[in-house]
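Each value in this text was obtained by applying a stated rule to the coordinates, not by laboratory testing. Note that this is a predicted model, so its numbers are computed, not measured.
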Amino acid sequence: MTAIQTVQKEEIPMLKFAAEDALTDPEARAERFLKLEKARLLGNGYKGKVKITFLTQDGPRKVETTVWEASEDQLILKGEVLIPIHSVIDVEL
């Protein structure tokens, strides 16, 4: 298995995200939603950072950052950086 490349939050706007959902299982999608909600609470309440693994057109990437908001479609990170929710593979709290 290839190591997942870690990127800086500031590099994310330059990445191209995969069009398809990174998760195909409905249970995994529900779990992703719960983890993103916990990450949002951690970011807003305690300024805590989480590790987010997400899918780009060039493969998976990982970033450690603070989550400000998780809407239905977008994950908003500190600094108004956006990641499409469908690209999120995992969130490590």
Euclidean distance of C-alpha centroids, the stretch 66-90 and the stretch 1-32, integer Å = 10 Å
Pull up the cross-link candidates among the lysines for LYS35, meaning alpha carbon to alpha carbon under 20 Å and not fewer than 8 places away within one chain.
-> LYS9, LYS47, LYS49, LYS51, LYS62, LYS78
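Let me make sure I get this right: for the stretch 5-92, a, b and c are the square roots of the gyration tensor eigenvalues over alpha carbons, sorted descending. Under 1.5 in a/c it's rounded, otherwise prolate if a/b > b/c, else oblate. Which is it? All intermediate terms of the calculation are to be shown ahead of the outcome.
Values: a/c = 1.72, a/b = 1.10, b/c = 1.56.
Oblate, because a/c is 1.5 or more while a/b does not exceed b/c.
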Computed, not fitted: 222 nm per-residue ellipticity of the chain from DSSP H runs ≥ 4 (each -39500 (n - 2.57)), nearest 500, equal to -8000 deg cm²/dmol
